[in-house]
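The values are calculated or read from the model by the stated rules, or taken from the named source; none is laboratory data. Just so you know, these numbers come straight off a predicted model, no measurement behind them. A quick note on method: Cβ atoms are made from the backbone with ideal geometry, for glycine too, and the neighbour counts reach across all protein chains shown. Calculation scope for accessible area: heavy atoms of the full protein, side chains included, ligands and nucleic acids excluded. Shrake-Rupley method; radii C 1.70, N 1.55, O 1.52, S 1.80 Å.
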Amino acid sequence: MIKIKNLSKSFSNGSTKIEAISNINLQINKDEIFGIIGLSGAGKSTLIRCLNRLEEPTEGNIFIEEKDITTFDKKSLNQLRKSIGMIFQHFNLLSQKTVYKNIAFPLELEGLSKDKINSRVNTLLEYVELKDKKYAYPSQLSGGQKQRVAIARALANNPKILLSDEGTSALDPKTTRSILKLLNKIRKEFGLTIVLITHQMEVIKDICDKVAIIEDGKIIEINTVEELFKNPKTQTAMDFISGLKSNIKNEIINPFDFKGTIVRLGYSEDNAKEPIVSNMIKNFNIQVNILSGNINKLMSTSIGHLILEIQGEDGEVNDAIKYLNNKSINVEVI
Amino acid sequence: MAELIVPALLETLYMVFFSTIFSLLLGLPLGVLLVVTEKNNIWEKLQLNRILNGIINILRSFPFIILMILLFPLSKIIVGKTIGTTATIVPLSIAAAPFVARIIEGSLKEVDKGIIESSLAMGASVTEIIFKVLIPESMPSLILGITTTIINLVGYSAMAGAIGGGGLGDVAIRYGLYRFQTDVMIISVAIIIVLVQGIQFLGNRLSLNINKK
(Lines give C-alpha, C1' and ligand atoms only; values in the text may rest on other atoms or scores of the structure.)
Protein backbone atom coordinates (compact mmCIF):
# COMPACT_ATOMS: atom_id res chain seq x y z
CA MET A 1 0.00 0.00 0.00
CA ILE A 2 2.63 2.50 1.12
CA LYS A 3 6.30 1.98 0.45
CA ILE A 4 8.86 4.45 1.69
CA LYS A 5 12.30 4.23 0.14
CA ASN A 6 15.43 5.98 1.43
CA LEU A 7 13.41 8.96 2.51
CA SER A 8 15.29 11.95 3.92
CA LYS A 9 14.31 15.45 4.78
CA SER A 10 16.65 18.15 5.92
CA PHE A 11 16.01 21.75 6.81
CA SER A 12 18.64 24.33 6.24
CA ASN A 13 18.69 26.90 8.96
CA GLY A 14 21.08 29.52 7.68
CA SER A 15 24.39 27.75 7.38
CA THR A 16 23.50 24.72 9.48
CA LYS A 17 21.70 21.77 7.94
CA ILE A 18 19.36 19.85 10.20
CA GLU A 19 18.42 16.32 9.22
CA ALA A 20 14.86 15.80 10.41
CA ILE A 21 14.63 12.29 9.03
CA SER A 22 17.26 10.33 7.21
CA ASN A 23 17.18 7.24 5.06
CA ILE A 24 13.80 5.95 6.15
CA ASN A 25 12.59 2.67 4.68
CA LEU A 26 9.14 1.38 5.56
CA GLN A 27 6.45 -0.75 4.13
CA ILE A 28 2.88 -0.35 5.27
CA ASN A 29 0.37 -2.93 4.13
CA LYS A 30 -3.26 -2.50 3.24
CA ASP A 31 -5.73 -2.50 6.16
CA GLU A 32 -2.90 -2.23 8.61
CA ILE A 33 -2.77 0.12 11.56
CA PHE A 34 0.84 1.15 11.53
CA GLY A 35 2.18 3.10 14.46
CA ILE A 36 5.28 5.25 14.45
CA ILE A 37 6.45 6.07 17.93
CA GLY A 38 9.19 8.40 19.04
CA LEU A 39 9.96 11.17 21.44
CA SER A 40 9.29 14.74 20.45
CA GLY A 41 11.85 15.96 17.95
CA ALA A 42 12.52 12.45 16.71
CA GLY A 43 11.18 13.31 13.27
CA LYS A 44 7.93 11.38 13.35
CA SER A 45 5.87 14.43 12.50
CA THR A 46 8.07 15.20 9.51
CA LEU A 47 7.79 11.60 8.38
CA ILE A 48 3.99 11.45 8.43
CA ARG A 49 3.77 14.84 6.72
CA CYS A 50 5.87 13.53 3.87
CA LEU A 51 3.16 10.96 3.14
CA ASN A 52 0.86 13.65 1.75
CA ARG A 53 3.71 16.03 1.03
CA LEU A 54 2.73 18.67 3.54
CA GLU A 55 6.46 18.33 3.98
CA GLU A 56 8.55 17.98 0.83
CA PRO A 57 11.14 15.23 1.18
CA THR A 58 14.65 16.19 0.15
CA GLU A 59 15.56 12.68 -0.98
CA GLY A 60 13.93 9.33 -1.56
CA ASN A 61 10.63 8.08 -2.84
CA ILE A 62 7.20 7.29 -1.50
CA PHE A 63 5.04 4.83 -3.37
CA ILE A 64 1.34 4.77 -2.67
CA GLU A 65 -0.36 1.95 -4.55
CA GLU A 66 2.74 1.64 -6.73
CA LYS A 67 2.71 5.31 -7.73
CA ASP A 68 5.65 7.46 -6.77
CA ILE A 69 3.99 10.47 -5.18
CA THR A 70 7.23 12.44 -4.93
CA THR A 71 6.95 13.05 -8.67
CA PHE A 72 3.35 14.33 -8.57
CA ASP A 73 2.60 17.83 -9.87
CA LYS A 74 0.34 20.22 -7.96
CA LYS A 75 -2.84 18.97 -9.54
CA SER A 76 -2.27 15.27 -8.97
CA LEU A 77 -0.97 16.09 -5.52
CA ASN A 78 -4.26 17.77 -4.57
CA GLN A 79 -6.10 14.80 -6.03
CA LEU A 80 -3.95 12.47 -3.93
CA ARG A 81 -4.55 14.52 -0.81
CA LYS A 82 -8.28 14.14 -1.31
CA SER A 83 -7.80 10.38 -1.09
CA ILE A 84 -5.83 10.58 2.15
CA GLY A 85 -7.61 11.67 5.31
CA MET A 86 -5.65 13.31 8.08
CA ILE A 87 -6.35 14.14 11.69
CA PHE A 88 -4.26 16.31 13.98
CA GLN A 89 -3.36 16.72 17.62
CA HIS A 90 -5.19 20.02 17.85
CA PHE A 91 -8.07 18.96 15.59
CA ASN A 92 -7.68 21.98 13.29
CA LEU A 93 -11.37 22.55 12.71
CA LEU A 94 -12.66 25.71 11.10
CA SER A 95 -13.60 27.75 14.15
CA GLN A 96 -16.15 29.97 12.39
CA LYS A 97 -18.07 27.09 10.84
CA THR A 98 -20.57 24.65 12.30
CA VAL A 99 -19.85 20.96 12.72
CA TYR A 100 -21.96 20.35 9.64
CA LYS A 101 -20.03 22.89 7.57
CA ASN A 102 -16.71 21.51 8.76
CA ILE A 103 -17.54 18.01 7.59
CA ALA A 104 -19.00 19.41 4.37
CA PHE A 105 -15.81 21.33 3.61
CA PRO A 106 -13.85 18.57 1.81
CA LEU A 107 -17.02 17.66 -0.10
CA GLU A 108 -17.41 21.26 -1.23
CA LEU A 109 -13.81 21.21 -2.40
CA GLU A 110 -14.72 18.14 -4.40
CA GLY A 111 -17.55 20.14 -5.98
CA LEU A 112 -20.39 17.85 -4.94
CA SER A 113 -24.01 18.97 -5.16
CA LYS A 114 -25.77 20.30 -2.05
CA ASP A 115 -28.00 17.21 -1.82
CA LYS A 116 -25.11 14.82 -2.00
CA ILE A 117 -23.16 16.80 0.58
CA ASN A 118 -26.17 16.85 2.86
CA SER A 119 -26.74 13.11 2.80
CA ARG A 120 -23.05 12.31 3.15
CA VAL A 121 -22.55 14.66 6.10
CA ASN A 122 -25.61 13.24 7.85
CA THR A 123 -24.34 9.69 7.41
CA LEU A 124 -20.96 10.68 8.81
CA LEU A 125 -22.49 12.56 11.74
CA GLU A 126 -24.44 9.47 12.63
CA TYR A 127 -21.34 7.32 12.30
CA VAL A 128 -19.32 9.41 14.75
CA GLU A 129 -22.38 9.79 17.01
CA LEU A 130 -22.61 13.56 16.82
CA LYS A 131 -25.99 14.03 15.17
CA ASP A 132 -27.16 16.35 17.91
CA LYS A 133 -24.13 18.59 17.46
CA LYS A 134 -24.80 19.27 13.80
CA TYR A 135 -25.21 23.02 14.21
CA ALA A 136 -22.78 23.49 17.08
CA TYR A 137 -19.52 25.35 16.62
CA PRO A 138 -16.17 23.73 17.50
CA SER A 139 -15.74 26.00 20.53
CA GLN A 140 -18.85 24.39 22.03
CA LEU A 141 -17.43 20.87 21.80
CA SER A 142 -15.19 18.82 24.05
CA GLY A 143 -11.81 17.61 22.80
CA GLY A 144 -13.14 14.14 22.05
CA GLN A 145 -16.09 15.54 20.13
CA LYS A 146 -13.81 17.82 18.14
CA GLN A 147 -11.65 14.87 17.15
CA ARG A 148 -14.77 12.95 16.11
CA VAL A 149 -15.72 15.83 13.85
CA ALA A 150 -12.19 15.84 12.47
CA ILE A 151 -12.41 12.09 11.86
CA ALA A 152 -15.75 12.48 10.09
CA ARG A 153 -14.21 15.23 7.97
CA ALA A 154 -11.21 13.06 7.18
CA LEU A 155 -13.52 10.22 6.10
CA ALA A 156 -15.80 12.41 3.99
CA ASN A 157 -14.12 11.66 0.68
CA ASN A 158 -13.88 7.91 1.34
CA PRO A 159 -10.11 7.90 1.63
CA LYS A 160 -7.98 4.78 1.39
CA ILE A 161 -5.49 6.00 3.92
CA LEU A 162 -5.92 7.84 7.19
CA LEU A 163 -3.01 9.67 8.76
CA SER A 164 -3.12 10.56 12.42
CA ASP A 165 -0.63 13.12 13.62
CA GLU A 166 -0.72 12.68 17.40
CA GLY A 167 -4.48 12.41 17.08
CA THR A 168 -5.02 11.47 20.70
CA SER A 169 -2.21 13.36 22.38
CA ALA A 170 -4.38 16.25 23.51
CA LEU A 171 -7.06 13.99 24.96
CA ASP A 172 -7.53 12.45 28.37
CA PRO A 173 -7.03 8.66 28.71
CA LYS A 174 -10.73 7.79 28.59
CA THR A 175 -11.39 9.92 25.50
CA THR A 176 -8.22 8.56 23.94
CA ARG A 177 -9.59 5.04 24.27
CA SER A 178 -12.90 5.97 22.71
CA ILE A 179 -11.18 7.66 19.78
CA LEU A 180 -8.91 4.65 19.31
CA LYS A 181 -11.95 2.40 19.38
CA LEU A 182 -13.52 4.52 16.69
CA LEU A 183 -10.37 4.34 14.55
CA ASN A 184 -10.29 0.58 14.88
CA LYS A 185 -13.94 0.35 13.91
CA ILE A 186 -13.25 2.52 10.87
CA ARG A 187 -10.37 0.33 9.80
CA LYS A 188 -12.51 -2.79 10.04
CA GLU A 189 -15.59 -1.37 8.36
CA PHE A 190 -14.00 0.69 5.62
CA GLY A 191 -10.85 -1.33 5.05
CA LEU A 192 -8.74 1.70 5.71
CA THR A 193 -5.00 1.76 6.13
CA ILE A 194 -4.12 3.88 9.13
CA VAL A 195 -0.72 5.40 9.77
CA LEU A 196 -0.41 7.09 13.11
CA ILE A 197 2.37 8.78 14.96
CA THR A 198 2.38 9.08 18.70
CA HIS A 199 4.60 9.34 21.71
CA GLN A 200 2.23 7.23 23.77
CA MET A 201 2.88 3.50 23.99
CA GLU A 202 -0.74 3.03 25.08
CA VAL A 203 -1.86 4.01 21.61
CA ILE A 204 0.48 1.51 19.98
CA LYS A 205 -0.58 -1.15 22.44
CA ASP A 206 -4.29 -0.55 21.98
CA ILE A 207 -4.73 -0.51 18.23
CA CYS A 208 -1.57 -0.95 16.20
CA ASP A 209 -0.60 -4.07 14.31
CA LYS A 210 2.89 -2.96 13.56
CA VAL A 211 5.15 -0.36 14.99
CA ALA A 212 8.26 1.51 13.96
CA ILE A 213 10.37 3.27 16.52
CA ILE A 214 12.00 6.45 15.35
CA GLU A 215 14.89 8.13 17.08
CA ASP A 216 17.00 11.04 15.86
CA GLY A 217 15.37 10.85 12.46
CA LYS A 218 16.11 7.18 11.95
CA ILE A 219 13.96 4.10 12.25
CA ILE A 220 15.68 1.98 14.85
CA GLU A 221 13.20 -0.84 15.17
CA ILE A 222 10.30 -2.20 13.13
CA ASN A 223 8.26 -4.92 14.71
CA THR A 224 4.82 -6.35 15.17
CA VAL A 225 3.37 -4.95 18.35
CA GLU A 226 3.23 -8.42 19.87
CA GLU A 227 6.92 -9.03 19.24
CA LEU A 228 7.82 -5.60 20.49
CA PHE A 229 6.19 -6.24 23.82
CA LYS A 230 7.55 -9.74 24.14
CA ASN A 231 11.01 -9.07 22.96
CA PRO A 232 11.98 -5.44 22.40
CA LYS A 233 15.25 -5.13 20.49
CA THR A 234 16.31 -1.63 21.41
CA GLN A 235 16.70 0.30 24.63
CA THR A 236 14.29 2.96 23.39
CA ALA A 237 11.63 0.31 22.85
CA MET A 238 12.19 -0.99 26.35
CA ASP A 239 11.93 2.51 27.74
CA PHE A 240 8.64 3.06 25.97
CA ILE A 241 7.28 -0.23 27.26
CA SER A 242 8.54 0.31 30.76
CA GLY A 243 6.57 3.52 30.79
CA LEU A 244 3.57 1.20 30.72
CA LYS A 245 4.77 -1.65 32.87
CA SER A 246 5.07 -1.19 36.54
CA ASN A 247 8.35 0.58 36.42
CA ILE A 248 10.82 -1.45 38.38
CA LYS A 249 13.03 1.45 39.29
CA ASN A 250 10.27 3.62 40.67
CA GLU A 251 7.65 1.24 41.82
CA ILE A 252 9.28 -1.76 43.23
CA ILE A 253 12.03 -1.05 45.44
CA ASN A 254 15.58 -0.57 44.47
CA PRO A 255 17.02 -3.72 42.80
CA PHE A 256 20.16 -3.26 44.88
CA ASP A 257 18.13 -3.96 48.01
CA PHE A 258 17.82 -7.55 46.87
CA LYS A 259 20.47 -10.15 47.27
CA GLY A 260 19.21 -12.37 44.49
CA THR A 261 19.12 -11.87 40.74
CA ILE A 262 16.14 -9.93 39.49
CA VAL A 263 14.66 -11.00 36.18
CA ARG A 264 11.78 -9.72 34.12
CA LEU A 265 9.86 -12.32 32.15
CA GLY A 266 7.76 -11.45 29.16
CA TYR A 267 5.28 -14.04 27.94
CA SER A 268 2.32 -14.23 25.61
CA GLU A 269 -0.93 -16.15 25.78
CA ASP A 270 0.64 -19.18 24.11
CA ASN A 271 3.08 -19.97 26.89
CA ALA A 272 0.93 -18.76 29.73
CA LYS A 273 -0.60 -22.23 30.04
CA GLU A 274 2.62 -23.96 31.02
CA PRO A 275 3.62 -23.74 34.70
CA ILE A 276 7.09 -22.49 33.83
CA VAL A 277 7.94 -20.81 37.12
CA SER A 278 6.80 -23.73 39.19
CA ASN A 279 8.82 -26.15 37.03
CA MET A 280 11.86 -23.94 37.39
CA ILE A 281 11.62 -24.00 41.17
CA LYS A 282 11.31 -27.79 41.16
CA ASN A 283 14.20 -28.35 38.76
CA PHE A 284 16.77 -26.08 40.31
CA ASN A 285 17.94 -25.47 43.81
CA ILE A 286 16.71 -21.94 44.00
CA GLN A 287 14.18 -19.80 45.77
CA VAL A 288 11.86 -17.47 43.94
CA ASN A 289 10.30 -14.32 45.23
CA ILE A 290 7.58 -12.74 43.09
CA LEU A 291 7.96 -8.96 43.07
CA SER A 292 5.37 -7.88 40.59
CA GLY A 293 3.35 -8.96 37.62
CA ASN A 294 1.06 -7.41 35.09
CA ILE A 295 -0.62 -8.01 31.78
CA ASN A 296 -0.79 -5.67 28.78
CA LYS A 297 -3.76 -6.23 26.55
CA LEU A 298 -2.74 -5.71 22.94
CA MET A 299 -4.92 -5.63 19.85
CA SER A 300 -4.36 -9.27 18.94
CA THR A 301 -3.11 -10.87 22.12
CA SER A 302 -2.00 -10.20 25.66
CA ILE A 303 1.53 -9.92 26.91
CA GLY A 304 2.30 -10.63 30.55
CA HIS A 305 5.24 -9.50 32.59
CA LEU A 306 6.50 -11.00 35.77
CA ILE A 307 9.34 -9.71 37.85
CA LEU A 308 11.05 -12.28 40.03
CA GLU A 309 13.92 -12.37 42.44
CA ILE A 310 15.87 -15.61 42.15
CA GLN A 311 18.03 -16.59 45.09
CA GLY A 312 20.53 -19.41 45.22
CA GLU A 313 24.03 -20.30 44.20
CA ASP A 314 25.32 -18.56 41.08
CA GLY A 315 25.52 -21.75 39.06
CA GLU A 316 21.98 -22.79 39.92
CA VAL A 317 20.61 -19.32 39.21
CA ASN A 318 22.34 -19.18 35.83
CA ASP A 319 20.99 -22.59 34.92
CA ALA A 320 17.51 -21.49 35.93
CA ILE A 321 17.78 -18.44 33.70
CA LYS A 322 19.00 -20.63 30.86
CA TYR A 323 15.98 -22.84 31.43
CA LEU A 324 13.70 -19.83 31.15
CA ASN A 325 15.42 -18.71 27.99
CA ASN A 326 14.72 -22.07 26.41
CA LYS A 327 11.02 -21.70 27.13
CA SER A 328 10.51 -19.10 24.39
CA ILE A 329 9.74 -16.41 26.87
CA ASN A 330 11.63 -13.20 26.97
CA VAL A 331 14.02 -12.95 29.90
CA GLU A 332 15.71 -9.79 30.95
CA VAL A 333 18.11 -9.71 33.86
CA ILE A 334 17.87 -6.45 35.69
CA MET B 1 -25.77 76.76 11.34
CA ALA B 2 -27.67 73.64 10.29
CA GLU B 3 -27.46 74.64 6.62
CA LEU B 4 -23.71 74.67 7.09
CA ILE B 5 -23.30 71.49 9.12
CA VAL B 6 -25.81 69.12 7.50
CA PRO B 7 -24.40 69.25 3.93
CA ALA B 8 -20.90 68.99 5.40
CA LEU B 9 -21.88 65.90 7.38
CA LEU B 10 -23.39 64.33 4.27
CA GLU B 11 -20.21 65.11 2.34
CA THR B 12 -18.11 63.48 5.04
CA LEU B 13 -20.29 60.38 5.07
CA TYR B 14 -20.15 60.23 1.28
CA MET B 15 -16.36 60.52 1.24
CA VAL B 16 -15.87 58.01 4.04
CA PHE B 17 -18.30 55.50 2.56
CA PHE B 18 -16.76 55.41 -0.89
CA SER B 19 -13.17 55.72 0.17
CA THR B 20 -13.72 52.79 2.58
CA ILE B 21 -15.03 50.67 -0.26
CA PHE B 22 -12.25 51.63 -2.67
CA SER B 23 -9.47 51.39 -0.12
CA LEU B 24 -10.72 47.92 0.79
CA LEU B 25 -10.83 46.92 -2.84
CA LEU B 26 -7.20 47.97 -3.13
CA GLY B 27 -6.01 46.95 0.31
CA LEU B 28 -7.67 43.56 0.69
CA PRO B 29 -5.89 41.87 -2.22
CA LEU B 30 -2.65 43.53 -1.14
CA GLY B 31 -3.06 42.28 2.40
CA VAL B 32 -3.86 38.77 1.21
CA LEU B 33 -0.82 38.81 -1.09
CA LEU B 34 1.40 40.02 1.74
CA VAL B 35 0.40 36.98 3.78
CA VAL B 36 0.30 34.18 1.23
CA THR B 37 3.57 35.12 -0.47
CA GLU B 38 5.65 35.21 2.67
CA LYS B 39 8.10 32.48 3.63
CA ASN B 40 6.58 29.06 4.31
CA ASN B 41 3.12 30.27 3.38
CA ILE B 42 0.74 28.75 0.87
CA TRP B 43 2.01 30.69 -2.15
CA GLU B 44 5.59 31.52 -1.21
CA LYS B 45 6.94 34.25 -3.55
CA LEU B 46 9.69 35.93 -1.61
CA GLN B 47 10.66 38.43 -4.31
CA LEU B 48 7.08 39.64 -4.74
CA ASN B 49 6.67 39.77 -0.99
CA ARG B 50 9.72 41.99 -0.60
CA ILE B 51 8.54 44.35 -3.34
CA LEU B 52 5.04 44.65 -1.87
CA ASN B 53 6.41 45.28 1.59
CA GLY B 54 8.73 47.94 0.21
CA ILE B 55 5.98 49.78 -1.65
CA ILE B 56 3.63 49.69 1.32
CA ASN B 57 6.28 50.94 3.70
CA ILE B 58 7.21 53.79 1.39
CA LEU B 59 3.59 54.84 0.92
CA ARG B 60 2.96 54.67 4.64
CA SER B 61 6.03 56.80 5.37
CA PHE B 62 4.56 59.82 3.57
CA PRO B 63 2.74 62.33 5.74
CA PHE B 64 -0.85 61.66 4.78
CA ILE B 65 -1.65 65.16 3.65
CA ILE B 66 1.40 65.27 1.34
CA LEU B 67 0.48 61.93 -0.17
CA MET B 68 -3.01 63.20 -0.90
CA ILE B 69 -1.68 66.31 -2.56
CA LEU B 70 0.66 64.18 -4.67
CA LEU B 71 -2.28 62.01 -5.69
CA PHE B 72 -4.62 64.82 -6.75
CA PRO B 73 -3.41 64.72 -10.37
CA LEU B 74 -4.77 61.19 -10.42
CA SER B 75 -8.21 62.55 -9.50
CA LYS B 76 -8.00 64.77 -12.56
CA ILE B 77 -7.55 61.68 -14.70
CA ILE B 78 -10.18 59.55 -12.97
CA VAL B 79 -12.99 61.98 -12.07
CA GLY B 80 -11.99 64.97 -14.17
CA LYS B 81 -11.36 67.47 -11.35
CA THR B 82 -9.14 67.98 -8.32
CA ILE B 83 -11.49 69.89 -6.03
CA GLY B 84 -14.57 68.63 -4.21
CA THR B 85 -15.68 65.58 -2.35
CA THR B 86 -15.77 63.20 -5.31
CA ALA B 87 -12.27 64.23 -6.33
CA THR B 88 -11.08 63.63 -2.78
CA ILE B 89 -12.23 60.02 -2.77
CA VAL B 90 -9.43 59.07 -5.17
CA PRO B 91 -6.45 60.18 -3.06
CA LEU B 92 -8.21 59.13 0.15
CA SER B 93 -8.73 55.59 -1.11
CA ILE B 94 -5.26 55.18 -2.51
CA ALA B 95 -3.55 56.76 0.47
CA ALA B 96 -5.51 54.55 2.88
CA ALA B 97 -4.93 51.35 0.90
CA PRO B 98 -1.46 50.55 2.32
CA PHE B 99 -2.84 51.02 5.81
CA VAL B 100 -5.72 48.69 4.99
CA ALA B 101 -3.28 46.15 3.57
CA ARG B 102 -1.37 46.06 6.87
CA ILE B 103 -4.57 45.75 8.88
CA ILE B 104 -5.77 42.87 6.69
CA GLU B 105 -2.34 41.25 6.89
CA GLY B 106 -2.48 41.34 10.67
CA SER B 107 -5.94 39.79 10.77
CA LEU B 108 -5.13 37.02 8.33
CA LYS B 109 -1.99 36.14 10.22
CA GLU B 110 -4.09 35.39 13.28
CA VAL B 111 -5.55 32.34 11.56
CA ASP B 112 -4.21 29.19 13.17
CA LYS B 113 -1.51 27.60 11.01
CA GLY B 114 -2.96 24.20 11.82
CA ILE B 115 -6.22 25.09 10.09
CA ILE B 116 -4.34 26.04 6.94
CA GLU B 117 -2.38 22.83 7.15
CA SER B 118 -5.49 20.70 7.50
CA SER B 119 -7.01 22.48 4.49
CA LEU B 120 -3.90 21.73 2.47
CA ALA B 121 -4.14 18.11 3.60
CA MET B 122 -7.69 18.03 2.24
CA GLY B 123 -6.39 19.04 -1.16
CA ALA B 124 -7.55 22.66 -1.11
CA SER B 125 -5.92 24.96 -3.66
CA VAL B 126 -4.38 28.33 -2.81
CA THR B 127 -7.49 30.24 -3.95
CA GLU B 128 -9.78 27.90 -2.07
CA ILE B 129 -7.77 28.41 1.09
CA ILE B 130 -7.85 32.19 0.70
CA PHE B 131 -11.59 32.44 0.11
CA LYS B 132 -12.91 29.51 2.09
CA VAL B 133 -10.49 29.44 5.01
CA LEU B 134 -8.32 32.52 5.53
CA ILE B 135 -10.96 35.19 5.01
CA PRO B 136 -13.92 33.48 6.74
CA GLU B 137 -11.75 32.37 9.67
CA SER B 138 -10.42 35.87 10.26
CA MET B 139 -13.75 37.64 9.67
CA PRO B 140 -14.29 38.86 13.25
CA SER B 141 -10.80 40.32 13.28
CA LEU B 142 -11.22 41.71 9.75
CA ILE B 143 -14.36 43.53 10.84
CA LEU B 144 -12.48 45.18 13.69
CA GLY B 145 -9.76 46.11 11.20
CA ILE B 146 -12.28 47.58 8.80
CA THR B 147 -13.79 49.52 11.69
CA THR B 148 -10.38 51.02 12.42
CA THR B 149 -10.04 51.81 8.72
CA ILE B 150 -13.37 53.64 8.61
CA ILE B 151 -12.47 55.66 11.68
CA ASN B 152 -9.12 56.54 10.17
CA LEU B 153 -10.87 57.62 7.01
CA VAL B 154 -13.14 59.89 9.03
CA GLY B 155 -9.99 61.55 10.32
CA TYR B 156 -8.31 61.59 6.92
CA SER B 157 -11.41 63.03 5.27
CA ALA B 158 -11.35 65.86 7.79
CA MET B 159 -7.75 66.50 6.80
CA ALA B 160 -8.77 66.35 3.16
CA GLY B 161 -11.11 69.22 3.95
CA ALA B 162 -8.08 71.42 4.46
CA ILE B 163 -7.02 70.90 0.86
CA GLY B 164 -10.35 71.50 -0.78
CA GLY B 165 -12.13 68.26 -0.08
CA GLY B 166 -15.21 69.59 1.65
CA GLY B 167 -16.97 67.87 4.53
CA LEU B 168 -16.89 68.55 8.27
CA GLY B 169 -13.15 69.10 8.34
CA ASP B 170 -13.48 71.78 5.73
CA VAL B 171 -16.23 73.54 7.69
CA ALA B 172 -14.27 73.32 10.92
CA ILE B 173 -11.21 74.90 9.32
CA ARG B 174 -12.87 77.51 7.17
CA TYR B 175 -15.50 78.72 9.64
CA GLY B 176 -14.25 77.52 12.98
CA LEU B 177 -10.58 78.32 12.59
CA TYR B 178 -10.23 81.06 9.98
CA ARG B 179 -13.40 82.98 10.90
CA PHE B 180 -13.19 82.39 14.63
CA GLN B 181 -16.66 80.81 14.78
CA THR B 182 -15.94 78.67 17.79
CA ASP B 183 -19.47 77.24 17.89
CA VAL B 184 -19.07 75.85 14.37
CA MET B 185 -15.75 74.38 15.34
CA ILE B 186 -17.16 72.73 18.46
CA ILE B 187 -20.19 71.31 16.69
CA SER B 188 -18.12 69.95 13.80
CA VAL B 189 -15.71 68.27 16.15
CA ALA B 190 -18.55 66.96 18.33
CA ILE B 191 -20.23 65.38 15.32
CA ILE B 192 -16.98 63.74 14.31
CA ILE B 193 -16.58 62.38 17.84
CA VAL B 194 -20.11 60.94 17.77
CA LEU B 195 -19.40 59.41 14.35
CA VAL B 196 -16.24 57.74 15.57
CA GLN B 197 -17.85 56.44 18.75
CA GLY B 198 -20.81 55.08 16.82
CA ILE B 199 -18.68 53.36 14.20
CA GLN B 200 -16.45 51.75 16.82
CA PHE B 201 -19.46 50.58 18.80
CA LEU B 202 -21.11 49.02 15.78
CA GLY B 203 -17.87 47.41 14.65
CA ASN B 204 -17.24 45.86 18.06
CA ARG B 205 -20.79 44.57 18.29
CA LEU B 206 -20.73 43.06 14.81
CA SER B 207 -17.34 41.42 15.33
CA LEU B 208 -18.46 39.94 18.63
CA ASN B 209 -21.75 38.72 17.22
CA ILE B 210 -20.29 36.82 14.31
CA ASN B 211 -17.35 35.36 16.22
CA LYS B 212 -17.95 31.69 16.98
CA LYS B 213 -14.53 31.03 18.42
Point to revise | For q = 0.15 Å⁻¹, Debye-computed log10 I/I(0) when each Cα of segment B:1-136 counts as one equal scatterer | key: -0.80
Review point. Can you pull the percent of chain A's accessible area that's carbon plus sulfur, 1.4 Å probe, other chains left in place?
Key: 46 percent
Check your understanding: With labels modelled as points extended 7 Å from the Cα through the Cβ direction, what inter-label distance (nm, one decimal) is found for B:ILE65 paired with B:VAL79?
Key -> 2.0 nm
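How big is D, in µm² s⁻¹, for the protein assembly as shown by Stokes-Einstein at 4 °C and 1.567 mPa s if Rh is the Kirkwood radius over C-alpha pairs? Walk me through the numbers before you get to the answer.
Values: Rh = 28.3 Å.
Rounded, D is 46 µm²/s.
Would you please give the FRET efficiency between A:GLU274 and A:ASN318, computed as 1/(1 + (r/R0)^6) with r the Cβ-Cβ distance and R0 = 22 Å, to the nearest 0.05?
On the way: r = 21 Å, r/R0 = 0.97.
Efficiency computed from Cβ-Cβ geometry: 0.55.
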Review point. Considering only protein heavy atoms and a 1.4 Å probe, what is the carbon-and-sulfur percentage of the accessible area of segment B:1-83?
Key: 73 percent
Review point. What list of ³J(HN,Hα) couplings, whole Hz, do you get for segment B:29-41 from phi and the Karplus terms 6.51, -1.76, 1.60, once you set θ to phi - 60° and write x for glycine and proline?
Key: x, 4, x, 4, 4, 4, 6, 6, 8, 6, 4, 6, 9
Revision key, fill the gap. One finds the C-alpha centres of segment A:149-202 and segment A:32-83 to be spaced, in Å, by 17 Å
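State the percent of C-alpha pairs, over all pairs in segment A:271-334, separated by a distance greater than 18 angstrom.
Working: 716 of 2016 pairs.
More than 18 Å apart: 36 percent of the Cα pairs in segment A:271-334.
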Exercise for review: Could you sort the residues of segment B:164-213 by number and keep only those whose accessible area is reduced by 10 Å² or more in the all-protein-chain setting relative to the chain alone, 1.4 Å probe?
Suggested key: B:LYS212, B:LYS213
Review point. Can you give the accessible area of A:ARG177 in Å² (nearest 10), computed on protein heavy atoms with a 1.4 Å probe?
Key: 140 Å²
Check your understanding: For segment A:2-225, what ratio Rg/Rh do Cα atoms give with a Kirkwood hydrodynamic radius?
Key -> 0.97
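Kindly provide the Kirkwood hydrodynamic radius of segment B:105-213 in Å, to one decimal, from all pairs of distinct alpha carbon atoms. Don't jump to the answer; show the numbers that get you there.
Numbers: mean 1/r = 0.0607 Å⁻¹.
Answer for segment B:105-213: a Kirkwood hydrodynamic radius of 16.5 Å.
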Exercise for review: Over segment A:2-225, average the accessible area per residue using a 1.4 Å probe and give it in Å², no decimals.
Suggested key: 43 Å²
Exercise for review: Estimate for me the total accessible surface buried between chains B and A (protein heavy atoms, probe 1.4 Å, no ligands or nucleic acids), in Å² to the nearest 100.
Suggested key: 2000 Å²
Exercise for review: Along Cα→Cβ, 7 Å out, is where each label goes; now give me the distance between the ones at A:ASP257 and A:LYS233 in nm to one decimal.
Suggested key: 3.7 nm
Revision key, fill the gap. For the pair B:LYS39 and B:PHE17, the simple spin-label estimate (label points 7 Å beyond Cα toward Cβ) gives in nm 4.6 nm
Exercise for review: May I ask you to give the solvent-accessible area per residue for segment A:245-333, in square angstrom, as obtained with a 1.4 angstrom probe?
Suggested key: 56 Å²
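Just flag the chymotrypsin sites (Phe, Trp or Tyr not before Pro) in segment B:114-213 sitting in loop per DSSP whose Cβ has no more than 11 other Cβ atoms within 10 Å.
Values: sites: B:PHE131, B:TYR156, B:TYR175, B:TYR178, B:PHE180, B:PHE201; in loops: B:PHE180.
The qualifying sites are B:PHE180.
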**Study point:** In Å, descending, principal axis extents of the Cα set of segment A:47-96
**Key:** 36, 21, 18
Practice item. For peptide A:96-104, compute the average count of partner chain beta-carbon atoms within 10 Å of each residue's beta-carbon. Key: 2
Point to revise | Crossing angle, helix B:139-162 versus chain B [Cα axis fit, 0-90 degrees, rounded to tens] | key: 30 degrees
